1. Hey, can you tell me all the residues within the range 114-135 that are surrounded by fewer than 24 Cβ atoms within 10 Å (Cβ to Cβ) and touching a residue at least 60 places away in the same chain (Cβ under 8 Å)?
2. If a residue has to be more than 23 Å from LEU169 (Cα to Cα) and assigned to a loop (DSSP other than H, G, I, E, B) to count, how many in the range 47-88 make the cut?
3. Right, GLY96: at pLDDT below 90, small (Gly, Ala, Ser) and outside the structural domain of GLY264 (by TED's automatic domain parsing) or not?
4. Applying the selection to the range 224-259, what residues are among the hydrophobic types (A, V, I, L, M, F, W, C), over 21 Å from ALA54 (Cβ atoms) and either modelled with pLDDT under 90 or assigned by TED's automatic domain parsing to the domain that holds ARG57 (or both)?
5. Could you list all residues from the range 248-292 that are surrounded by fewer than 16 Cβ atoms within 10 Å (Cβ to Cβ) and either in contact with a helix residue (DSSP H, G or I) (Cβ under 6 Å, 6 or more places away or on another chain) or within 13 Å of MET62 (Cβ to Cβ) (or both)?
6. Can THR203 be described as over 21 Å from the mean Cα position of the chain (by Cα), modelled with pLDDT under 85, of a type in the set (S, T, N, Q) and surrounded by fewer than 17 Cβ atoms within 10 Å (Cβ to Cβ)?
7. Scan the range 91-123 for residues that are part of a loop (DSSP other than H, G, I, E, B) and in contact with an Asp or Glu (Cβ under 6 Å, 6 or more places away or on another chain) and jot them down.
Amino acid sequence: MNKICLAAATAAAAFLLSACSTGSKYYQHDGPPSSSAELDTSSATPRVEHFYPASLRPYTVMGQRYVPVTSDVKMDQTGIASWYGKQFHGNKTAIGETYNMHAMSAAHPTMPLPSYARITNLENGRSVIVRVNDRGPFLYNRVMDLSYAAATALDYANKGTARVRVERLTNQEIAAGTWQSGNGLTDPVTNSTQVQAPVQSATPSADAVVTAPAAGWSVQIGFFTERDNALAYAAHAEAVLASTSSARSARLVRDNGGYRVVLGNGMSLNEARAAALNVKDIIGSGAFAVQK
């Protein structure tokens, strides 16, 4: 088992924060775990798993519609990958699992969930297998969000992003064991056909930011000083809620120099309190009624 001790985590976090203004990083206040933590960067072991039914439904996040692949097909994409860490650690994924930044996992906007994929860093040739159990990323046209452990294994955690190749392993290949030789990924479906996600704007729409409070009560799920952080959190919350019967649109409200992430508007206090309890249970993080 390959263990990597994060002795330089503090320095890595400082690097991420200082470089984030360029837009090359995903979450300005996201980061690695504490310096005392250890990561298991061994590849995930593929096994045949049934798809989570709700993950196969089309969904909308921040005004963009996504149509997931619904069958066990090969997928092969090339693009920029980012990673997500402690800002989401412990929250729920789009299939109701708990996100663990120390595990070899990933998020993809349209891959059937759960899936397994081989990720190759095209900048250094490193390759790992991850279990895909979440939706995202939704900003900057990125093709995949990896866990901090996976980004560390691919040696781009400090850099923030990397150009990667994403190859989905089919259940047929996993059952036959052909994925281990890599021979089962020939003649892939490319991202010019059904695996292509909708084109996303490099700069999210300004309509996502609401500068004045709405009437009635809403549900607040977060507060961030940076707009991109708020947008990323709002997008992920929408994706998780979309996988249930409680789909809600998120919006940002500017307040006290930052951005509140809120769901819904025009509710009564009792309705907002009930909605907050429901949302908290689904996304796995704090939610409360607010007049914003």
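The values are calculated or read from the model by the stated rules, or taken from the named source; none is laboratory data. These figures come from a predicted structure and were not determined experimentally. All Cβ positions, even for glycine, are placed from backbone atoms using ideal geometry, and neighbour counts span all protein chains on display.
1. PRO114, ARG118, VAL128, ILE129, ARG131, listed by residue number.
2. Residues meeting the conditions: 6.
3. Here the answer is no, as GLY96 does not meet what is asked.
4. So the first thing to find is which residues in the range 224-259 are among the hydrophobic types (A, V, I, L, M, F, W, C), and the list is 224, 230-232, 234-235, 237, 239-242, 247, 250, 252-253.
After this cut, where a residue has to be over 21 Å from ALA54 (Cβ atoms) as well, the list is 224, 230-232, 252-253.
Correct list: PHE224, ALA230, LEU231, ALA232.
5. PHE288, the sole residue that qualifies.
6. It is false that THR203 is over 21 Å from the mean Cα position of the chain (by Cα), modelled with pLDDT under 85, of a type in the set (S, T, N, Q) and surrounded by fewer than 17 Cβ atoms within 10 Å (Cβ to Cβ).
7. Hits for the range 91-123 are THR93, ALA94, PRO114.
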